[in-house]
1. Using a 1.4 angstrom probe on heavy atoms only, work out the carbon and sulfur share of the accessible area of the chain in %.
2. Given the Cα-Cα distance of LYS59 and HIS180 and 0.36 nm per residue of separation, how much length would full extension add, in nm?
3. Please compute the modelled spin-label separation between SER227 and GLU144, points set 7 Å along Cα→Cβ, answer in nm with one decimal.
4. Can you find, among GLY153, GLY121, TYR202, the residue sitting farthest towards the positive end of the charge dipole of segment 106-242, where Lys and Arg contribute +1 and Asp and Glu -1 at Cβ?
5. How far is it, in nm, from the label point at ASN16 to the one at ASN206 when both lie 7 Å from their Cα along the line to the Cβ?
6. Taking the Cα centre of the chain as the origin and placing charges on Cβ (Lys, Arg +1; Asp, Glu -1), which of TYR66, SER54, ILE233 is farthest toward the positive end of the dipole?
7. Along the Cα-to-C-beta direction of ARG130, a point sits 7 Å from the Cα; which residues of segment 155-194 have their amide N less than 12 Å from that point?
8. Out of every Cα pair in the chain, what percent are spaced more than 32 Å from each other?
Amino acid sequence: MKELDQLKAWIAESSNIVFFGGAGVSTESGIPDFRSVDGLYNQQYDYPPETIISHSFYKRNPEEFYRFYKSRMIFREARPNAAHRALARLEEAGKLKAVITQNIDGLHQAAGSREVLELHGSVHRNYCTRCGEFYGLDAVMAQEGVPRCRCGGIIKPDVVLYEEGLDQKTMEKAVYYIGHADVLIIGGTSLTVYPAAGLIHYYHGNKLVLVNKSVTPMDSQADLVVSGKIGEIFARIAETEE
């Protein structure tokens, strides 16, 4: 596939690559995305998923929020796939400067990536809304229903819910990395969720790569489009890096 060969060549000659990824990066680890045919938005619940994982719903009905959150958004058995591992190796080799992700699963770090900007937070970070004490995922999952701090306050996941803004410092770092990148690889995202999708406009280079199973609204603006499963594509890239 000539597109894959071109991507391999750009990676080989660059030492300033940035990767920006979405839910499709983790689907091959068994974590469903939101918008595909089998995604969360197309399953039936008492409330639409967009409603349940909104800030106002969380405040109004934390019991129902946590029932959905624990059963549908936590995948403790998930392990990094070939894409996660290949990106970690590219960083270790000094080629990849940062991973910017919309995912909250922590799989990039589990694979060994160090500079990971989590635009939507992480299920592995949780804090008491009363006193601010930090809790890991185990503490949240160990409690039935709504997890509570020793002070009695409710523990909230450090994930960005609907109606909440993204962390400004994380966004600024993402803008910096993308703005200074030689090669920008975007993978596993529909590029329809803003403000995250708008980050692509800060890239000023001429090696914008989209890796996706389906078309995106930005395909026509890309310098290279590689179609297919992102894990399989990065596994083939990794073969040439070894």
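The values are calculated or read from the model by the stated rules, or taken from the named source; none is laboratory data. Remember, it's a predicted structure, so these values are computed and weren't measured experimentally. Here the Cβ positions follow ideal geometry from the backbone for every residue, glycine too, while neighbour counts run over all protein chains shown. SASA here: full protein model, heavy atoms, side chains in, ligands and nucleic acids out. Shrake-Rupley method; radii C 1.70, N 1.55, O 1.52, S 1.80 Å.
1. Here carbon and sulfur together make up 48 percent of the probe-accessible area.
2. Taking 0.36 nm per residue and subtracting the Cα distance, the gain is 39.6 nm.
3. 5.2
4. GLY153
5. Distance between label points: 1.5 nm.
6. So the residue furthest toward the plus end is TYR66.
7. Within reach of a label on ARG130, which here means backbone N under 12 Å from a point 7 Å along Cα→Cβ, segment 155-194 contributes 155.
8. 22
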